1. Give me the accessible area per residue for the stretch 76-136, probe 1.4 Å, as a whole number in Å².
2. With the full set of protein chains in place, find how many percent of the accessible area of the chain is carbon and sulfur; take the probe as 1.4 Å.
3. Select from CYS357, GLY419, GLN385 the residue farthest towards the positive end of the dipole of the stretch 357-430; place +1 on Cβ of Lys and Arg, -1 on Cβ of Asp and Glu, and compute about the Cα centre.
4. Any idea what angle helix 377-394 forms with the longest principal axis of the chain, computed on alpha-carbon atoms, 0 to 90 degrees, nearest 10?
5. Using only the alpha-carbon atoms, how far is helix 351-360 inclined from the longest principal axis of the chain? Give it as 0 to 90 degrees, nearest 10.
6. So how far, in whole Å, is the C-alpha centre of the stretch 122-166 from the one of the stretch 566-582?
7. Quick check: net charge around GLU288, other residues with Cβ under 12 Å of its Cβ, Lys/Arg +1 and Asp/Glu -1?
8. If you average the C-alpha positions of the stretch 619-645 and of the stretch 400-415 separately, how far apart do those two centres end up, in angstrom?
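The values are calculated or read from the model by the stated rules, or taken from the named source; none is laboratory data. Being a predicted model, the structure only gives us computed values, none of them experimental. Here Cβ is always computed from backbone atoms with ideal geometry, including for glycine, and neighbour counts include all displayed protein chains. For the accessible areas, the whole protein counts, side chains as well, though only heavy atoms, and no ligand, DNA or RNA atoms are used. Shrake-Rupley method; radii C 1.70, N 1.55, O 1.52, S 1.80 Å.
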Amino acid sequence: MARVTRGAASPNAVSTGLTSATYDFNQGWRFGGVYADGSQAPGLVDDSYARVTLPHTVTPLSWGDWRPSAWEQVWIYRKHFSGAELTGGRVFVDFDGVMTNATVYLNGTEVGQHQGGFLPWSVELTDTIMSGNNVLAVIVDGRCLDVPPQVGSGGADDIDYLMPAGIYRDVTLRLVPGAFVADVFVKSTDVLTGLPVLTVQATIDAASRPQGLVQLTAELLDGSQTIGERSIDVSLGKGVTVVELTFSASQGVTLWSPSTPKLYTVRTSLSGGTIASHALDVTTGFREASFMPDGFYLNGERFEIFGLNRHQLFPYVGMAAPARLQQRDAELIRNELNCNMVRCAHYPQSPHFLDACDRLGLMVWEEPPGWKHVGDPSFQQLVLQNVRDMVLRDRNRPSVILWATRLDETASDYQELYGQARQLAYSLDGSRQTTGAMNTQSTSGWSEDVFAYDDYHSVDGNATLEPPISGLPYMVSESVGALDGPRLYRWIDSGETLGSQALMHAQVHDIAQSDQAYAGLLGWCSMDYASLNGRYGVWHALKWAGVLDTFRVPKPGASFYRSQIDPAVAPVILPIFFWDFGASSPANGPGSGAMIATNCDLLEIYLDGQPLTSGTPDTSSFGSLAYPPVFVDLTVDGSGLPTLRIDGYVGGALVTSVQMSSDPSMDQLGLDLEDAALKGDGSDATRVTFRALDAYGNQRPYVGGDVALQVIGPGVLVGQNPFSFWTYGGVGGAFIRSVAGRAGVVSVTAGHPTLGRAQATLTVTTPSARFL
């Protein structure tokens, strides 16, 4: 009988024990393209199938102009593997995410099905696996199905984000004993005392009833040091048994927060009697998070939320980005955009991204898949299943501070559904409040814990916010970018258009920070993303509302976020304009009201070495921001192609300086590889970006010509080659992916007809993971 486990063990759980093994199952897949009858048969000759490594998207993609018809079919994947090492226990294959529906066959026998693409699921193979050669076949249905967030016959353009099909997240194979710890939930109380009380809820799965009592032990570990422990004797039956034990930390713990993202391990082990030992490690942290009518409180102190929304879409690969790229997005949002919270819009995102949020101190709003649509009763049952699986997957994460238990911007007509969703979250977790993004301030039909409003308002190009709803915990879940202002913030747009994005984001965050009734604000959005929804905000099948572009290059809109950091950590001067006097730029420069994002308290500005003007932070218009922008008059004669210098002072001391050249004859091609090393597993990848730069490394707009790329060594170029600067706007990017089983140096060269050449290298190393 097929056995599918939904909401498998938390992705940050590690199975340990002498009879246990976890294998990287991303290697050695064969992709047959569109499914044909019998493609799942074990005897099928599949030598002609393409060899692929997961994560994988079923169709090649560019940086834009995606066509859903290219993936809205049924597809076939196959993998051959040996069962010789998989004896003496139970065997599970774990899928982190398959888009959209999947049916799994092992040696020609159907062993599991799953609906929906954003949450993990597992299939037990124990009764079907053979000691010799095995064939695992996965039929992937990428059509527009009546599965959240899809809208059935409405089509892909009825949803604000595209979802290319494929086995787009990791797959692993687990060998576990007959009785094993399947899941662990750690719930803590008395956190603010520094000596938290832990209630560890362990789910034990036994293929048969063990004889006698077994021992269940839970340990709290700080690194390798045990700082709390308890053991109890347990009588297990066949099937699933849930056991709870409670104990206190024996020494003080460090509370998790954005400034101190301290993580601990809880190891839960099963031993004794006639069973083989097994243990499961989960990562957690200790913190108290609460939304009140007067704001958000973290660890007992009011804390202002400052953040952005994020989609997990990438150029060329769709959603099939490996761990390194997912983690890098979290690093960008936390460390470079200085956000303390991210909303995972509008679905549960990669566990690798959330791992990084835990590690970096980036708080998370998490929500089930959905967008403005609630379907029929079967659709609604899948909504509840998604809420359940989301909570089970991520309830140990300290970064997750809110569950959204209603679908994004859906009407108030589904009180029964959302009541059930809330109760699911409360029963499975109970330590977090619930919310859901609303596109109206009406509380009719609303009964979540935190009222969240997608607030898109502006007057004469200036962003505004509606006042908070009195007496309710209240936050702004979206603002700027999608429905107000220019909507398109492309590199081909004017400096004035691109600068307005920074201005509007600064305006709404200033308003939110001026009133404690706002818990905070999450701007829309961190990165551009693939979409066909909306007449005015889509260009080349991309939404351009991100403060980073699809290649994660910071736009002028990102400069506001990048400036909100203590100057003692990093002094910042980021002009919100181009210093360019070409045919597409103003002949008299940025003009009056030129905006500069900075954390300095005085800017001195020079033209060709001579004093031009000075500026201080605009505290009258942005009095609630920690570091308001500076506005100065930069109306100049550009005919002589002058050089601009901006010196930044803090407390009277010169701390940083920026120079900008307007002479295009000294422009150059910039090339950046984000990482110096990759693992040679065929999955690992890093981003390469290339830009037109002035003599001082500032971005030069409106550059034509093509960039040609060359890769030598054990790496594969994933990207458009050559890349049209003229189309995209003087910026471009690609990925370098490792080749499975190969190591060495990869050289990447970019060339442009007028900007010259640039080169960078990285090293591919032999991976340490176990493959099967």
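1. 28 Å²
2. Ligands and nucleic acids excluded, carbon and sulfur give 47 percent.
3. CYS357
4. In the chain, helix 377-394 runs at an angle near 90 degrees to the longest axis.
5. Approximately 60 degrees, to the nearest 10.
6. With the stretch 122-166 and the stretch 566-582 each reduced to a Cα centre, they are spaced 46 Å.
7. 0
8. Cα centroid of the stretch 619-645 versus Cα centroid of the stretch 400-415: 42 Å apart.
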